[in-house]
Amino acid sequence: MIDHAAADDFSRLKAITFDLDDTLWDNSGVMQRTEQGHVDWLTEQLGAWQRGREEPLTPPIALSDYLRERQALARRSWSRRGDFSWLRERTLIQLLEESGVNRAAAHWWAALAMQRFHSLRILVKPFPDTDAMLERLKGRYRLGSITNGNVAFHRLPLARHFQARIAAGEMFAPKPDPRPFLAMLARLEVKACETLHVGDSWEEDVLPAIRLGLRAIWIAPPEAETAPLPRGVTRLSRVTELPALLGEHQDQ
C-alpha cells in the first residue's frame, strides 16, 4: 500500500538513508533470542571455567536484574543512554563483580559475552527482495544507514550496498536527535532537500527527518492510524515498495 502527501517530488533526489531494525528486516524475536542467548552462554562458559579452577560457581544472571541495572546505568550516564553495547558490557561487569567474580575476570567474561551477543544479534533475515532492491537503488542513489540499534551491520551482506553507516547511539545522539541525520548528510555530501529517509518509527525516523527538510518514507504497521500525512511523508506497507514509488515519480 502506498499513501503519500500531495505535491511530493523526487526528481531532485540524490540519496536515501535507511533505518535497519524493522525496516530492512523483521526484528521481532531477535532481541529476545539474543538477550537470553548471550546470558545463557555466559552462565555455561563461566561455570565450566570456574569448575576447572575449582572455584565456587557464580549464580546465573537473571534477565530482569540485567535489564533493571542496565536501565539504571543509562539514567546515570545519560549521554551514553543509546550506546547499548557499552551499557550491556558495563552492566555485566557490575553484576559479575557483585557476585564475587574478581575485577579482571569480570571484564574478561563480560567482553566475551558481548562477542557472543553480537554473533547472535546479526542473525537477522532481511525482508524478501530487500537485497535486490538495494542493489538496484545504489546504482542511482547514495545510500546510508542510520540506526539506534547495535547490530554489527558491517558483518551483514546488505552492508555492501551502503556508502555510509551510522550507529547513532555510539555517537551519543540516538534518534530523534538531529545529529546523526546531519552527520549522514555530510558523509553523503548531499543537502536535506536531496535526501529521503526510510524508517518504521514515526517519532525516531519520520519526525526528525522532516524537521530537517528531508523527505520521509514511513514503513507503517497495518494497525497504524490513517490520518492525513504531512507534506513530504509517504506511507508504505513494505520497504520493497520503494522502487515502484520512485519509478512513478521519475516517469511523470
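Any read-out appearing in this document is the output of simple, stated calculations on the displayed coordinates, not a laboratory observation. All figures in this text were calculated on a predicted structure; none of them were measured in a lab. Glycine also receives a Cβ, built like all others from the backbone with ideal geometry; neighbour counts cover every protein chain displayed.
Tally Lys/Arg at +1 and Asp/Glu at -1 over every other residue whose Cβ is under 10 Å from the Cβ of GLU204; what's the total?
On the way: positive: LYS175; negative: ASP19, ASP177, ASP200, GLU203, ASP205.
Taking every Cβ under 10 Å from that of GLU204, the sum is -4.
For the stretch 30-121, count all C-alpha to C-alpha pairs, find those more than 15 Å apart, and express that count as a whole percent of the total. Working shown, then result.
Working: 2417 of 4186 pairs.
Of all Cα-Cα pairs in the stretch 30-121, 58 percent lie more than 15 Å apart.
Angle between the Cα long axis of helix 103-121 and the longest principal axis of the chain, 0 to 90 degrees, nearest 10?
40 degrees
Starting from one equal scatterer on each C-alpha and no solvent at all, send me the Debye-based log10 I(q)/I(0) for the stretch 138-191 at q = 0.29 Å⁻¹, two decimals.
-1.19
Give me the percent relative contact order of the chain, please, defined on Cα pairs under 8 angstrom at least 6 residues apart. Please list the in-between numbers first.
Values: 391 pairs, mean separation 75.2, N = 252.
Reported relative contact order: 30 percent.
So if I take the centroid of the Cα atoms in the stretch 57-94 and the same for the stretch 151-181, what is the distance between those two points in Å?
22 Å
Could you calculate the FRET efficiency of GLU203 with SER99 from 1/(1 + (r/R0)^6), where r is the beta carbon distance between them and R0 is 41 Å, rounded to 0.05? If you can, show how the numbers build up before the last one.
Values: r = 37 Å, r/R0 = 0.91.
The calculated FRET efficiency here is 0.65.
Straight-line reach from LYS191: which lysines fall under 20 Å, measuring Cα to Cα and dropping same-chain residues less than 8 apart?
LYS14, LYS138, LYS175
Counting other Cβ atoms within 10 Å, which GluC sites (Glu not before Pro) in the stretch 190-224 have at most 14 and lie in a DSSP loop? Please list the in-between numbers first.
On the way: sites: GLU194, GLU203, GLU204, GLU223; in loops: GLU223.
Loop-located and lightly packed - GLU223.
Grab the other residues whose beta carbon is less than 12 angstrom from that of LYS14, score K and R as +1, D and E as -1, and report the net.
Details: positive: ARG12, ARG140, ARG142, LYS191, ARG215; negative: GLU189, GLU194.
Here the charged neighbours net out to +3.
Just to be sure I understand: with springs between alpha-carbon atoms less than 10 Å apart, which residue in ALA227, ALA152, ALA72 has the highest mean-square fluctuation in the Gaussian network model of the chain?
Looking only at ALA227, ALA152, ALA72, the largest GNM fluctuation is found for ALA227.
So if I place +1 on the C-beta of Lys and Arg and -1 on the C-beta of Asp and Glu, and nothing else carries charge, what would the dipole magnitude of the stretch 30-121 be about its Cα centre? I want it in debye, nearest 20.
I would put it at about 440 debye.
Which lysines have a Cα lying under 20 Å from the Cα of LYS125, excluding residues fewer than 8 positions away in the same chain?
Leaving aside lysines fewer than 8 places away in the same chain, none come within reach of LYS125.
For the residue pair PHE127 and TRP49, what label-to-label distance in nm results when each label sits 7 Å from Cα along the Cα-to-beta-carbon direction?
Computed distance between label sites PHE127 and TRP49 equals 4.1 nm.
Please get the size of the charge dipole for the chain, origin at its Cα centre, with Cβ charges of +1 on Lys and Arg and -1 on Asp and Glu, quoted in debye to the nearest 20.
It comes to approximately 860 debye.
For the stretch 227-240, what does the Karplus curve 6.51 cos²θ - 1.76 cosθ + 1.60, with θ = phi - 60°, yield as ³J(HN,Hα) per residue in whole Hz, taken in order and with x for Gly and Pro?
5, x, 8, x, 4, x, 10, 10, 9, 10, 7, 9, 5, 6
List the residues, sorted by chain then number, that are 5 or more residues from HIS197 or on another chain and whose placed amide H is less than 5 Å from its amide H.
Correct list: THR17, ARG215, ALA216, ILE217.
Of (i) 13.4; (ii) 14.6; (iii) 20.2, which one was derived for mean projected area of the Cα convex hull in nm² from the structure shown?
(ii)
Using θ = phi - 60° and the Karplus form 6.51 cos²θ - 1.76 cosθ + 1.60, what ³J(HN,Hα) does each residue of the stretch 29-41 get, whole Hz, x for Gly and Pro?
3J(HN,Hα) across the stretch 29-41, in whole Hz: x, 5, 5, 4, 5, 6, 4, 5, x, 6, 6, 4, 4.
Just from its helices, what would the mean residue ellipticity at 222 nm be for the chain, if runs of 4 or more DSSP H residues each count -39500 (n - 2.57) and the sum is divided by every residue, rounded to the nearest 500 deg cm²/dmol? Mind showing how you got there, number by number?
Details: 8 runs with 103 residues, N = 252.
Per the formula, -13000 deg cm²/dmol.
GLN71 to ARG160: FRET efficiency via 1/(1 + (r/R0)^6), r the Cβ-Cβ distance, R0 35 Å, to the nearest 0.05?
Numbers: r = 35 Å, r/R0 = 1.01.
Calculated value: 0.50.
If you take every residue apart from MET114 with its C-beta less than 11 Å away from the C-beta of MET114, what net charge results, scoring Lys and Arg +1 and Asp and Glu -1?
So the environment of MET114 carries a net charge of +3.
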